[in-house]
Amino acid sequence: MDLPPRKPEEDEAAWPVPLLKARTVRTSTIQTICEEGLLQRGLVRRLHTLFPQHSGLAPTTPPLFRDKSNYTGIKGFRQVCATLAEHGIDIGFLAERELFIDVYRFLATRHTLNSIDWTNFATDSIFQLTFPQPGMIEGDVVEAYAAAESRSERRRIAAEHMATTNPHDGNQLINKPWFVNDSGQLEVLAGSQHKYPPVQLLFDQSTQHCYSFCTYCFRHAQVRGDDDMFLQKDVDQLHAYLRIHTEVNDVLITGGDAGFMPASRFEQYVTPLIEDPSLIHVKTVRLGTRALTFQPESILDAKYEPMLALFDRLYAEGIQVAFMAHFSTPREVLNPLTLAAIRRLQAHHVVLRSQSPMMRHISMFDNADGTIDIDRSAKNWIDLGNILGMLCIGFHSIYCARPTGEHHYFSAPLADVHKVYDQIYRSLPSINRPSRHVSMTTSAGKISIMGTTIVDGEKLFALKFSEGRNMGWLDQVFLAKYDEHTNNVALLTPHDTEKFFFADELAEIEAQMADALAKAQGVAPSASAAPT
Ligand code: SF4
């Protein structure tokens, strides 16, 4: 369907009303969008005309999900299946999908569900992003689960598989920071990570939720509420730590989803950053959130206004506020609510960046023979990069699947990841390219694949840290043997040395951190998060 042409007598501010009503958007949200002029006709028309294959801006069919705002757990999943059945859609593999939900979680918003192209759901990126798929969990576990005769037996099988899912890849548990408080006691920040000197991660108690669950989630300890999840209850403790650690200039609120933090809690965190001279070194506050993909209406709600006022206040104080979105497909962006939410944030000086996961089946696609379709995969990203550019959003980074959860399903050979990235890089204008090469997180840091090179006739990967436990490591390009198949940068072999240049120092840093944390927690080092 094309967008309706402008009628001479039409009120410009009200033009999106039919578009929004067709998506069952709340009246109050429609009012906000019209009053604040958040959907510009020229922008919407241009995006829809340039990218019709991705556009959800002018849907041809009414949305299937109209009533409930959220569908949660196995019960919610079954309700979704029942609604789909009413429209003649059977997604199949129900036991296998429910096993995944028992091991991880399921949650989908109405917006997420209505963003899926249900006429072609099996290959739809958002369906793959939020719905468990056959092949995610190994066949023997699926068979045992399907054959189980009781719910308790199914739960037992799921719990056994849960124990194998490596929720804290990259030795994250040793990243918990600690400090000596005014009383001379050691205090650990249970809901924080300080791995790279300039950046502090905060997992606040209010952000342990998500709007919808991603099937590849690399924070599933948070999402399913594991005993060893990161959880920050004490706001003042963060400020006490930051006063000592003046190297931190960027606080990244994450979770879960930082979009869940209420304005009152956000205010408690940011007011001292504004008012206390001993915290003046903190120059950026980032919110890691998928609200723009899964629940853009939350940003368009009147309840969001106190948050917007705080963004204005931080801007006036010279503190950068950045929304770290995780867009990986154009379809997540090209709908009226996401566009309007982006424009509302930008009107309040929020910088938008996308740290984008390159995941097989979602944003990296297979040929019929199971190899990676390099051209189709690259096209997804080139279109996304150009769309984000039109919206004044930059890529912060593109990264590949971490070895956590069902890594085998979402990962691809690094050699293919690099080929896709190469096409993206040379096709996008420089202003729309990611700020660094495609990377993978390891315990040592984020390792970027710079490219390939030939030394003495041998093909090699050229690698470089884009973040490191020792930021001095970022100065050095290093070489690894080229491998057509491996999907994990930590498994690469050094070119002509026994170990990579950082290996010994990394072991030392990890041991020191694990020991120091164990002391701070009052446990023997062996009982702490020793490096593996
Ligand atoms: S939004 Fe983040 S924490 Fe939540 S399910 Fe997705 S990847 Fe996991």
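Only the coordinates and a few stated rules stand behind these numbers; no lab work does. Just so it is clear, the structure is predicted and the values come from calculations on it, not from any experiment. Counting neighbours? That spans all protein chains shown, and the Cβs are built from the backbone with ideal geometry, glycine included.
Which ³J(HN,Hα) values in Hz, rounded to whole numbers, follow from the phi angles of region 47-59 under the Karplus curve 6.51 cos²θ - 1.76 cosθ + 1.60, where θ = phi - 60° and Gly and Pro get x?
Karplus-based 3J(HN,Hα) across region 47-59 equals 5, 5, 6, 6, 10, x, 5, 10, 6, x, 7, 9, x Hz.
In sequence order, what are the phi-derived ³J(HN,Hα) couplings for region 385-397 according to the Karplus relation 6.51 cos²θ - 1.76 cosθ + 1.60 with θ = phi - 60°, rounded to whole Hz, with x for glycine and proline?
Computed from phi, the couplings for region 385-397 are x, 6, 5, 4, x, 4, 9, 6, 10, x, 6, 7, 6 Hz.
Roughly how far apart, in whole Å, are the Cα centres of region 374-402 and region 445-472?
22 Å
Would you compute the Debye intensity of region 27-84 from its alpha-carbon atoms alone, equal scatterers and no solvent, and pass along log10 I(q)/I(0) at q = 0.13 Å⁻¹ to two decimals?
So the normalised log intensities are -0.58.
Among 305-318, 84-97, what's the highest-first ranking by average C-beta atoms within 10 angstrom per residue?
In descending order of packing, they fall as 305-318, 84-97.
Amide H neighbours of ARG286 under 5 Å, at least 5 residues apart or on other chains, H built in the peptide plane: list them.
Sorted by chain and number, the residues that satisfy this are VAL251, LEU252, ILE253, ALA322.
Give me the net charge of ILE398's neighbourhood, meaning all other residues with Cβ under 11 Å from the Cβ of ILE398; Lys, Arg count +1, Asp, Glu -1.
Charge balance in the 11 Å sphere: +2.
In debye, nearest 20: dipole of the chain around its Cα centre with unit charges on the Cβ of K, R (+) and D, E (-)? It would help to have the intermediate numbers written out before the result.
Working: 50 positive and 63 negative charges, 263 e Å.
Computed about the Cα centre, the dipole is about 1260 debye.
Under a point spin-label approximation (7 Å from Cα along Cα-to-Cβ), what is the THR497-LEU43 distance to one decimal in nm?
4.8 nm
As a quick test, which of the pairs LYS446/LYS499; LYS283/LYS519; LYS195/LYS283 have an alpha carbon distance above 27 angstrom in this structure?
Pairs exceeding the cut-off: LYS283/LYS519.
For a bin width of 10 Å, list the pair-distance distribution of the chain built from all Cα-Cα distances, rounded to whole %.
That works out to 3, 17, 27, 28, 17, 6, 1, 0, in percent per bin.
Compute the orientation-averaged projected area for region 257-349 from the convex hull of its Cα atoms and round it to one decimal in nm².
So the mean shadow area of the Cα hull is 5.8 nm².
Give me, ordered by chain and number, the residues 5 or more places off PHE465 or on other chains with an amide H under 5 Å from its own placed amide H.
SER448, GLN476
For the chain, what does -39500 (n - 2.57) per DSSP helix run (n ≥ 4), summed and divided by total residues, give at 222 nm, in deg cm²/dmol to the nearest 500?
Rounded to the nearest 500, it is -10500 deg cm²/dmol.
With a ≥ b ≥ c taken as the square roots of the eigenvalues of the C-alpha gyration tensor of region 169-436, please select rounded if a/c is under 1.5 and otherwise prolate if a/b is larger than b/c or oblate if it is not?
Since a/c reaches 1.5 and a/b is larger than b/c, the shape of region 169-436 is classed as prolate.
State, as an integer percentage, the relative contact order of the chain based on alpha-carbon contacts under 8 Å between residues 6 or more apart.
On the way: 920 pairs, mean separation 67.4, N = 532.
The value is 13 percent.
Antiparallel versus total DSSP beta bridges in the chain: what percent is that, nearest 5?
50 percent
Going by average Cβ neighbours within 10 Å, how do the peptides 178-191, 274-287, 461-474, 249-262 rank, with the highest at the top?
Top of the packing list down: 249-262, 461-474, 274-287, 178-191.
Lys and Arg at +1, Asp and Glu at -1: add these up for the other residues within a Cβ distance under 12 Å of ALA507 and post the number. Please list the in-between numbers first.
Numbers: positive: ARG469, LYS499; negative: ASP504, GLU505, GLU508, GLU510.
Its environment carries a net charge of -2.
Please list 3J(HN,Hα) in residue order for region 104-109, calculated via the Karplus relation 6.51 cos²θ - 1.76 cosθ + 1.60 where θ = phi - 60°; whole Hz, with x for glycine and proline.
10, 7, 9, 7, 9, 7
How about LYS233: which aspartates and glutamates have a C-alpha closer than 14 Å to its C-alpha, ignoring those fewer than 8 places off in the same chain?
List returned: GLU187, ASP204.
Over the Cα atoms of region 70-162, how large are the radius of gyration and the largest Cα-Cα distance (Dmax), in Å?
13.3, 36
For a Förster distance of 35 Å, can you work out the FRET efficiency between the beta-carbons of VAL523 and LYS75, rounded to the nearest 0.05?
With a Förster radius of 35 Å, E is 0.35.
What is the set of long-range amide H partners of PHE230 at a cut-off below 5 Å, with H atoms built 1.01 Å from backbone N?
Correct list: empty.
Can you check what the net charge comes to around THR284, using other residues whose Cβ is under 14 Å from the Cβ of THR284 (Lys, Arg +1; Asp, Glu -1)?
0
Please enumerate, by chain and number, the aspartates and glutamates with C-alpha under 16 Å from the C-alpha of LYS419, excluding those fewer than 8 residues away in the same chain.
Result set, ordered by chain and number: ASP366, ASP373, ASP375, ASP483, GLU484.
So if I place +1 on the C-beta of Lys and Arg and -1 on the C-beta of Asp and Glu, and nothing else carries charge, what would the dipole magnitude of region 333-481 be about its Cα centre? I want it in debye, nearest 20. Numbers along the way, then the final one.
On the way: 16 positive and 12 negative charges, 113 e Å.
Computed about the Cα centre, the dipole is about 540 debye.
Which whole-angstrom value gives the distance between the alpha carbon centres of region 210-266 and region 26-78?
29 Å
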